[in-house]
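Trainee: I'd like to ask you about the structure that follows.
Read-outs: derived from the displayed coordinates by stated rules, not from any lab. On a predicted model such as this, the values are computed, not experimentally measured, just so you know. Neighbour counts are summed over all protein chains in view; Cβ atoms, including those assigned to glycine, are modelled from backbone coordinates with ideal geometry.
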Amino acid sequence: MRLTTKLSAFITGLILLAMVLMLAGSLFSFLWISHERVQDRVNILAAEIDTALITQSPEQLSPWLEHVMRVITAERLTLTSHANTLYQLTPQQNPALNDESNEFIQFDVTLVHQPGMKLHVMVLDPARTWLRSLSGVYTLSAFTVIVLFMLLMLFITHHWLRRQWSGMEALETRSRDVIEGKRVIARQPGIEEWPPQASQALDLLLADLQEASEQRLRFDTLIRTFAAQDSRTGLNNRLFFDNQLATLLEDQEDVGTHGVVMMIRLPDLETLNEVLGSALVDEYMFDLVNMLSTFILRYPGALLARYIRNDFSVLLPHRSMKEASGIADQVINAVDSLPPMRMIDRDDLIHIGISAWRSGQSVAQVMEGVEVATRRAALLGGNNWANGDGNPRDPGRGSVRWRTLLENTLSRGGPRLYQKPAVMQDGTVHHRTILSRIFDGDKEVLAAEYMPLVLQLGMAEPWDRQLVQRIAALSEMWPEENISLPVTIESLLQRPFVLWLQSLLLQCTKGQRRRFLFELAESDVCQHINRLTPVFRALRAFGCRIAVNQAGLTVVSSAYIRQLPIELIKLDAGLVRNIDRRMENQLFVQSLLEVCKSTGTQLFASGVRTRDEWQALMTLGITGGQGDLFAPSLPVNSNVKKYTQRYRV
């Protein structure tokens with residue numbers, strides 16, 4: 001309750017209490033004094049009768065008693081001795097009084113000078129009789145009208161006070177919202193905040209804060225763009241491409257990662273600037289980049305970058321040569337859709353080199369192989385593509401084989417579960433990320449390879465349901481561990497899955513729900529932020545927490561950190577790689593930390609490999625990290641407590 005509301009309610013309560021006490025006291029005083037007056041008269045009458053009976057009989061006192069009884073408005077007088085009636089007198093009253101509803105009081109008085117004798121007097125009660133009389137009703141009605149008028153005046157006064165203090169209450173409400181983090185607060189229409197100087201100062205400070213926040217977000221986006229994008233095409237740059245490829249080649253999970261690299265060589269359009277004009281050349285370059293993005297970025301996990309001048313590189317992790325060849329054919333066929341351009345031969349416009357890679361190779365070896373393949377395609381002439389020397393003839397799995405493998409995995413109880421701890425700077429375990437792998441009969445396949453097929457085949461919802469059920473059961477075995485649940489964005493956007501998830505959470509204990517962290521990719525969260533907002537609020541209402549991973553992998557605005565109830569953000573492993581030697585990545589982390597500071601969101605690093613990287617990250621001020629420096633991925637059936645000391649660095 002606000003201060004002004006408390007003060008108003010307190011004053012109103014005091015006034016009402018005073019009015020009630022005054023009314024009750026007046027009524028009680030009136031009744032009590034009236035009763036005492038009648039009792040005093042009866043006592044005086046009894047004393048006079050007691051003295052007179054010494055020398056006279058009761059019959060001799062009758063004339064006098066009749067006169068006195070009329071004075072004290074007595075209805076009946078009875079004199080008894082040892083329960084025997086000796087004398088009774090009822091004076092003749094006005095007949096008109098008999099039609100009125102009168103109230104009487106019975107008094108019994110023992111006579112002092114006449115042993116065994118008692119005087120019984122029934123006297124009219126003037127107070128109660130008056131209250132039931134017509135004049136009493138008029139008086140009470142007038143008093144009631146006065147009380148109602150006072151209440152009305154009190155209500156009007158209260159309304160006036162509330163109207164006078166509404167400005168102060170509005171200012172207090174807005175101030176409280178600002179303290180709670182709701183910085184963009186609109187004034188209530190028709191209410192002028194008071195004091196006006198404080199209101200104007202708050203408006204000015206909030207406007208400055210909003211402007212500074214927007215500038216910080218733009219600066220953060222600019223840093224991301226500078227660190228990862230090419231300034232001319234808007235695609236990823238060479239440094240970012242090499243960094244992502246090197247991270248995949250290292251194979252931190254040691255499962256034999258593989259994939260394909262493509263290099264797309266276009267004519268050097270910059271040499272035509274003087275002849276055709278820079279505007280026309282830039283427009284044609286835009287058409288080429290748009291064509292490449294259309295066919296390549298439709299594949300999950302694909303990375304398109306401008307490698308050098310007119311060479312564009314494509315990273316296709318966990319893809320086969322057959323799939324890469326199909327992509328190359330689509331790109332070459334799409335050249336015919338480009339508009340004609342003077343001095344450019346569309347029949348000899350694009351040359352594509354394809355080279356497969358596996359973990360253990362270096363970036364230089366992979367790029368040298370794809371460079372040789374690109375030169376071979378250029379020597380052949382025309383729009384074509386060529387494979388590099390020594391590329392494995394791995395046909396990959398088709399959609400039928402993938403569906404069979406995934407359905408068999410679901411029917412056998414789901415994928416194999418692994419856990420990887422995320423530790424704080426002091427070495428304590430903050431949470432454990434659950435990773436999944438499937439066994440294809442020969443080797444284990446990472447989630448990054450089979451999850452795109454799960455989404456493509458429409459199996460995301462049953463896959464996530466089974467995985468969440470298993471992790472919920474696993475949380476009972478680890479009563480003190482926070483567990484991160486990897487859930488796909490496609491499932492959370494489906495209402496049946498959300499309802500099922502809420503039903504499952506209701507079956508868990510309150511302490512168990514507090515240890516759940518639902519982990520989603522940053523790009524997915526930013527793309528579906530409006531649809532995810534009610535889902536995140538519902539999960540927070542259950543006590544669960546939200547985590548975002550792959551931060552920095554794509555160029556997005558950091559405004560989602562303030563819009564959504566996110567507790568934890570994980571930096572992408574490619575961003576963390578060699579961060580001790582890359583100032584642009586350190587600048588990005590510093591900017592992201594500033595955004596997280598106002599919301600209390602914690603920042604973690606994933607894929608930490610070396611102590612130099614960890615030292616640089618701790619110097620920047622992150623909360624914790626995750627990677628092979630601390631512990632590798634372990635099966636969930638391993639003893640968790642056994643590896644606790646390994647995480648202390």
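Trainee: Within segment 1-91, list the trypsin sites (Lys or Arg not before Pro) lying in a DSSP loop whose Cβ has at most 15 other Cβ atoms in a 10 Å radius.
Mentor: Of the trypsin sites (Lys or Arg not before Pro), the ones in loops of segment 1-91 whose Cβ has at most 15 other Cβ atoms within 10 Å are R2.
Trainee: Please give, to one decimal in nm, the separation of the simple spin-label points placed at E270 and T55, each 7 Å out from Cα toward the Cβ.
Mentor: A separation of 14.6 nm, rounded to one decimal place.
Trainee: What number, rounded to the nearest 500 deg cm²/dmol, is the helix-based mean residue ellipticity at 222 nm of the chain, given -39500 (n - 2.57) per DSSP H run of at least four residues and division by all its residues?
Mentor: Rounded to the nearest 500, the figure is -16500 deg cm²/dmol.
Trainee: I want the antiparallel fraction of DSSP beta bridges within the chain, as a percent rounded to 5.
Mentor: 70 percent
Trainee: Continuing with the same structure: Using a Cα-Cα cut-off of under 19 Å, which aspartates and glutamates could be cross-linked to K118, ignoring same-chain neighbours fewer than 8 residues away?
Mentor: Excluding near neighbours in sequence, the set is D40, E48, D50, E59, E66, E75, D108.
Trainee: Considering the dipole of the chain built from charges on the beta carbon (Lys and Arg +1, Asp and Glu -1) around the Cα centre, which of T157, L31, T610 is farthest to its positive end?
Mentor: T610
Trainee: Toward the positive end of the charge dipole of the chain, about the Cα centre and with charges on Cβ (Lys, Arg +1; Asp, Glu -1), which of I49, Q200, H258 goes farthest?
Mentor: Sorting the options by dipole projection puts first H258.
Trainee: Name the residues of segment 322-349 whose amide N is less than 16 Å from a point 7 angstrom out from the Cα of L280 along the C-beta direction?
Mentor: Zone members listed by number: 339-346.
Trainee: Next question. Could you state the number of Å between the C-alpha centres of segment 569-627 and segment 294-315?
Mentor: Spelled out, the Cα-based centre of one part sits 26 Å from the other.
Trainee: Another question, if that's okay. Would you list the P(r) distribution for segment 324-389, with all Cα-Cα distances sorted into 5 Å bins from 0 and each bin expressed as a whole %?
Mentor: All Cα pairs considered, the percentages come to 3, 18, 23, 21, 15, 10, 6, 3, 1, 0.
Trainee: Next up: Within segment 234-266, which residues have the backbone N less than 11 Å from the label spot 7 Å out from A448 along Cα→beta-carbon, could you tell me?
Mentor: Under cut-off, by backbone N: 244-259.
Trainee: Return the distance in nm (one decimal) between the two label points of a simple spin-label model at L17 and S81, each offset 7 Å from Cα along Cα→Cβ.
Mentor: Calculated label separation equals 6.0 nm.
Trainee: What full-extension length gain, to one decimal in nm, is calculated for S141 and A24 as 0.36 nm per residue of separation minus the Cα-Cα distance?
Mentor: 40.5 nm
Trainee: For segment 514-649, what does the alpha-carbon gyration tensor say about shape, rounded, prolate or oblate, given a ≥ b ≥ c as the root eigenvalues, a/c under 1.5 as rounded, and a/b over b/c as prolate?
Mentor: Because a/c hits 1.5 or more and a/b fails to exceed b/c, segment 514-649 counts as oblate.
Trainee: So for the chain, averaging the separation of alpha carbon pairs under 8 Å that are six or more residues apart and normalising by length, what relative contact order in percent results?
Mentor: Relative contact order of the chain: 10 percent.
Trainee: Here's a follow-up. What number in nm² do you get for segment 233-387 if you take the convex hull of its Cα atoms and divide its surface by four?
Mentor: So the mean shadow area of the Cα hull is 8.7 nm².
Trainee: Tell me, what is the percent relative contact order of segment 265-365, built from C-alpha pairs under 8 Å that lie six or more residues apart?
Mentor: Reported as a whole number, the value is 28 percent.
Trainee: Counting other C-beta atoms within 10 Å, and keeping those with at most 16, which DSSP coil trypsin sites (Lys or Arg not before Pro) do you find in segment 227-296?
Mentor: Qualifying residues, ordered by number: R232.
Trainee: Taking 26 Å as the cut-off for C-alpha to C-alpha distance, list the pairs among K443/K570; K420/K443; K420/K510 that go past it.
Mentor: K443/K570
Trainee: Can you pull the one-decimal nm distance between simple spin-label points at E594 and D345, each 7 Å off the Cα toward Cβ?
Mentor: 5.3 nm
Trainee: At what distance in angstrom do the alpha carbon centres of segment 25-63 and segment 477-511 lie from each other?
Mentor: 87 Å
Trainee: Could I ask something else about it? Multiply the residue gap between A364 and A201 by 0.36 nm, knock off their C-alpha separation, and tell me the result in nm, one decimal place.
Mentor: 52.8 nm
Trainee: Using the C-alpha gyration tensor of segment 426-491, what are the square roots of 5 times its eigenvalues, in whole angstrom, with the largest one first?
Mentor: Equivalent ellipsoid semi-axes, largest first: 24, 15, 12 Å.
Trainee: How long is the chain along each principal axis, judged by its Cα atoms, biggest number first, in Å?
Mentor: 157, 60, 45
Trainee: To continue, here is another question. To the nearest 20 debye, what is the magnitude of the charge dipole of the chain about its Cα centre, counting +1 on the Cβ of each Lys and Arg and -1 on the Cβ of each Asp and Glu?
Mentor: Dipole of the chain, to the nearest 20 debye: 1200 debye.
Trainee: Would you mind checking segment 588-625 for residues with the amide N under 20 Å from a putative spin-label position 7 Å along Cα→C-beta of Q210?
Mentor: Answer for this model: 595, 598-599.
Trainee: Let me ask another. Distance between the C-alpha centers of segment 221-271 and segment 316-347? Whole Å please.
Mentor: With segment 221-271 and segment 316-347 each reduced to a Cα centre, they are spaced 19 Å.
Trainee: If you take all C-alpha pairs in segment 206-271, what percent of them are over 13 Å apart?
Mentor: When all Cα pairs of segment 206-271 are counted, 77 percent exceed 13 Å.
Trainee: Next up: To the nearest 0.05, how large is the calculated FRET efficiency for S503 and N408 if R₀ is 25 Å and r is the Cβ-Cβ distance?
Mentor: Step by step, r from the Cβ atoms, then E = 0.35.
Trainee: Taking the Cα centre as origin and putting +1 on Lys and Arg beta-carbons and -1 on Asp and Glu beta-carbons, what dipole magnitude results for segment 324-417, to the nearest 20 debye?
Mentor: My answer is approximately 580 debye.
Trainee: How big is the charge dipole of segment 233-387 about its Cα centre, in debye rounded to the nearest 20, if each Lys and Arg gets +1 on its Cβ and each Asp and Glu gets -1 on its Cβ?
Mentor: That gives a dipole near 220 debye.
Trainee: Let me ask another. For K597, list the aspartates and glutamates whose Cα falls under 19 Å from its own Cα; do not include residues on the same chain fewer than 8 positions away.
Mentor: D177, E180, D208, E211, E214, D220, E522, E567
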